[in-house]
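For reference, the structure is listed below as structure tokens.
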Amino acid sequence: MSGILDPVLPWIAAAALALILARGAALKLLDLPRFSGAVAAYRIVPAALVAPAAGAVVAGEAAAASLLLVPDLRRLGATLAALVLAVVSAGVWINLRRGRFELDCGCGGKGQRISAGLLARNAGLGALALLAAIGPVARPLGTADLLVIAAASLAWAGLYFAGDALLASWRTRAAS
Amino acid sequence: VSLLVLSNVVLWVTVLALVLVVLALARQVGLLNERIAPMGALALDGGPAAGSVAPSFALPSLDGGEVRIGGTRDRAMLLFFLSPDCPVCKKLLPILRSLAAAERSWLDVVLASDGTEAEHRKFRERQKLGGFAYLLSGELGLAFRVAKLPYAVLIGETGIVRAKGLVNSREQLESLITAKELGHGTLQDFLAARRETAPEALKAGDSE
């Protein structure tokens, strides 16, 4: 790949995306019955396949999160993350087209309804995955690089969590 | 160069601290929104209002018997509208079970939905709902104008609708029982009654 980008930038994207995906997977694992309920309510997979589909999404998220942090497998992790995001977004998009704006998105936590904002959010995460997939330039990373990666990825993930919380509360207030 | 390094470190610390503050603020906004939101069951427009006579039905239950809705009965009835693919309904089922047990002396809990019988029999078996009467009728939902699930209607002993609304939590379900005891059919009624008394209190304060 071309060497336009310093390896620090893709690493920041990868670490931030890994944090975000890991949190999503953990929240869904903590309340798996609710997540399968949400998957069933999307009315896309037949009832018999709801549990495997829900498991596949959680497993995909967790696997992508861990692969993103392995130097040689980062690109694979980014591809997997993009794939999971695309599948989930397609589910949201189909149900928005059906006019079911009341649907719980199944994103974990207190939950929020599906919305166009959710699609925009996922597109942002997709851009992060793209950035993480950019080929690394061969340059050994020093301690300073690692510190910058840690700080910047924490900042990005933190901003994402804050934005997501605002999106969720904005949606509930608009609905009530 | 050392100044540059120092300023970078300071900036990173500042950025992380700011992110933490924004995160805390976003959480607070969410919490405040939740606290402001009505805790009672929200009654949606339409359907027989609280205080009016409930429409009469006689419907077969999935457990074999027949259930009469409306008219004079010796017990009150809580109609709980649900659907197999509504996650919140499933979450409320254990709560509904404990409520039914606690209010057994005066209240019958009846489940209602519509759709194919086979699907609901399977749902009823899987969720172990054998203890409740279970009605399948599209007209019942239409008569009460049920638009969102889970929806509950409390009908008094004399066939009068006592309280109704969209229920998403234990508090909202219990608020229906409280509403019957207080005599306010809906949360909106209760708030309106409070609003009517509030200006008088204000006036009294002004005159002094």
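Points worth noting:
- A:PRO33 falls short on exactly one of the conditions (1) surrounded by fewer than 22 Cβ atoms within 10 Å (Cβ to Cβ); (2) in contact (Cβ under 8 Å) with a residue 40 or more places away in the chain; (3) in contact with a Pro (Cβ under 9 Å, 6 or more places away or on another chain), and that condition is (2).
- Test: A:ALA16 is part of a helix (DSSP H, G or I), within 12 Å of another protein chain (Cβ to nearest Cβ) and closer than 30 Å to A:LEU147 by Cβ: yes
- Of the criteria (1) away from chain B (no Cβ under 14 Å); (2) touching a Gly at 6+ places or on another chain (Cβ under 6 Å), which one A:LYS28 fails: (1)
- Enumeration of residues in region A:84-104 that are surrounded by fewer than 20 Cβ atoms within 10 Å (Cβ to Cβ) and in contact with a Gly (Cβ under 7 Å, 6 or more places away or on another chain): A:ASP104
Matching residues to (1) among the hydroxyl-bearing types (Ser, Thr, Tyr); (2) closer than 23 Å to A:ALA47 by Cβ:
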| residue | (1), (2) |
| --- | --- |
| B:LYS91 | no, yes |
| B:SER98 | yes, no |
| B:ALA112 | no, yes |
| B:THR116 | yes, yes |
| B:TYR134 | yes, yes |
| B:PHE144 | no, no |
| B:THR158 | yes, no |
| B:LEU166 | no, no |
| B:LEU173 | no, no |
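- Evaluation of B:LEU107 against (1) out of contact with any Cys (no Cβ under 8 Å at 6 or more places or on another chain); (2) within 14 Å of another protein chain (Cβ to nearest Cβ) (one fails), failing number: (2)
- Inter-residue pairs, beta-carbon under 7 Å, first at positive phi and in region A:66-88, second of a type outside the set (A, V, I, L, M), 6+ apart: none
- The numbered conditions (1) of a type in the set (Val, Ile, Thr); (2) without any contact (Cβ under 8 Å) to a residue 12 or more places away in the chain; (3) surrounded by 15 or more Cβ atoms within 10 Å (Cβ to Cβ) are all true for A:VAL8 except (2).
- Looking only at region A:36-48, and only at residues there that are loosely packed, with under 13 Cβ neighbours inside 10 Å and in a helix (DSSP H, G or I), the one that is nearest to the other protein chains (Cβ to nearest Cβ): A:ALA47
- Whichever residue in region B:18-46 is at pLDDT below 75 and small (Gly, Ala, Ser) and, among such residues, is surrounded by the fewest Cβ atoms within 10 Å (Cβ to Cβ): B:GLY46
- Top-ranked residue in region A:49-65 [being touching a residue at least 12 places away in the same chain (Cβ under 8 Å) and farther than 14 Å from A:LEU21 by Cβ; ranked as surrounded by the most Cβ atoms within 10 Å (Cβ to Cβ)]: A:ALA54
- When A:GLY158, A:GLY163 are checked against the criterion of being facing chain B (nearest Cβ under 10 Å), surrounded by fewer than 17 Cβ atoms within 10 Å (Cβ to Cβ) and in contact with a helix residue (DSSP H, G or I) (Cβ under 8 Å, 6 or more places away or on another chain), a single residue qualifies: A:GLY163.
- Qualifying positions in region A:66-83 - more than 14 Å from the chain's Cα centre (by Cα) and surrounded by 20 or more Cβ atoms within 10 Å (Cβ to Cβ): A:ARG74
- Qualifying helices (runs of 4 or more DSSP H) (wholly inside region A:67-176; at least 3 residues being at pLDDT 85 or above and among the basic types (Lys, Arg)): A:74-97
The values are calculated or read from the model by the stated rules, or taken from the named source; none is laboratory data. Note that the coordinates shown come from a computational prediction; the quantities given were computed from them, not determined experimentally. Methodologically, a virtual Cβ is constructed for each residue, glycine included, from the backbone with ideal geometry; neighbour enumeration extends over all protein chains shown.
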